[in-house]
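A short worksheet on the structure shown next.
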Amino acid sequence: MGASAGQANSFWATAWADVEAWLSCWHREPSLRHAHGHYQLSWTIAGRGRIVRGGESWPCPVGHLVLLRPDEVHEMIPQGDIPWQFATIYLPSTLLEESHKWGDSQAVATGLAPIANGNSRQAAERLHATICATATEAEFAQHLAEFCECWTEVEGIGGGGRDRDPEKRSSRRLGEVPRWLTDIRDRLASEMGQNLLVESLGAELGIGVVALTRAFRQWFGIPPHAYHLQMRLNHARQLLRQGMRIVDVAGCTGFADQAHLTRHFKRWIGVTPGQYQRHARTFKTLPRWF
């Protein structure tokens, strides 16, 4: 979640799919600039906040929803003296793209700005409640289908919605991503068992660290070391859900030891690896905020 100080998070997970529901209460401190490997659906419950995506900042008032694509870099910034409370559902791309035909051929976001759509919000709330109640897979599938139907009926989801997609906006503004940059990104995303150094990658290509970092950030929104760290942490989440020991997860994801993993996991995800694993494996409602 790109968590930082001044934030409290509680989450639930399903036993039969890589799906999570979170409730967050953030005060003053913004999130770190980050991305997720899943679709992220969030909506404001109380307070005020802003979503930074596609190089632009958008208010997300109470009742407004925002849908972020996998790997879309963003920030979430609380505003005002009242803590920003919002709900989030993380849905794997395979679940939506295979079961509900969400993919490159269909726009699945209404542009950059959060939207106010009562039917979609109510459907999202029912889906969130279903996950929190540890309902059956059939109940979850029913409520997911209801949300997808509501969302795709929102005005602007057609061809015009695709025109406002932030990734396509960036592509039009900058042109095609250089092949050498996509190669670096793909390598960072695939080699999650070690801590790749930007200096080493630059040396292999004959490119200085500053130039490489600047180009990577320009195209993908975050520096290469942060991107690689997030890929490793996402992999750590998967291993923790499978029941692997935390110390072994640290070794498999390129961290020096369990403490090193815990420090980064808490900072970026919002809970410790132990807290995440206990509740991701038991699939029970958390008794308190973390």
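The values are calculated or read from the model by the stated rules, or taken from the named source; none is laboratory data. Since we're looking at a predicted model, the values are computed, not measured. As a convention, Cβ positions derive from the backbone with ideal geometry for all residues, glycine included, and neighbour counts pool all protein chains shown.
Within region 95-146, can you find the residues that are modelled with pLDDT of 90 or more and under 22 Å from R53 (Cα atoms)?
S120, R121, A124
Every residue in region 247-290 that is modelled with pLDDT of 85 or more and among the small types (G, A, S), please.
Answer for region 247-290, where residues must be modelled with pLDDT of 85 or more and among the small types (G, A, S): A250, G251, G254, A256, A259, G274.
Can you tell me which residue within region 175-196, out of those that are of a type in the set (D, E) and in a helix (DSSP H, G or I), is surrounded by the fewest Cβ atoms within 10 Å (Cβ to Cβ)?
As a first pass, look at region 175-196 and keep what is of a type in the set (D, E): 176, 183, 186, 191.
This time we only want the ones that are in a helix (DSSP H, G or I), so: 183, 186.
Details: D183: 12, D186: 10.
Of everything passing the filter in region 175-196, D186 is surrounded by the fewest Cβ atoms within 10 Å (Cβ to Cβ).
Select from region 42-82 the residues that are under 18 Å from F220 (Cβ atoms) and among the basic types (K, R) and write down the one among them that is surrounded by the fewest Cβ atoms within 10 Å (Cβ to Cβ).
R69
May I ask you to list the residues in region 62-77 that are modelled with pLDDT of 90 or more and on the phi > 0 side of the Ramachandran plot?
G63
To keep it simple, each residue is scored yes or no on (1) in contact with a Leu (Cβ under 6 Å, 6 or more places away or on another chain); (2) modelled with pLDDT under 85.
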site: S171; (1), (2): no, yes
site: D183; (1), (2): no, no
site: E204; (1), (2): no, no
site: P223; (1), (2): no, no
site: Y227; (1), (2): yes, no
site: Q230; (1), (2): no, no
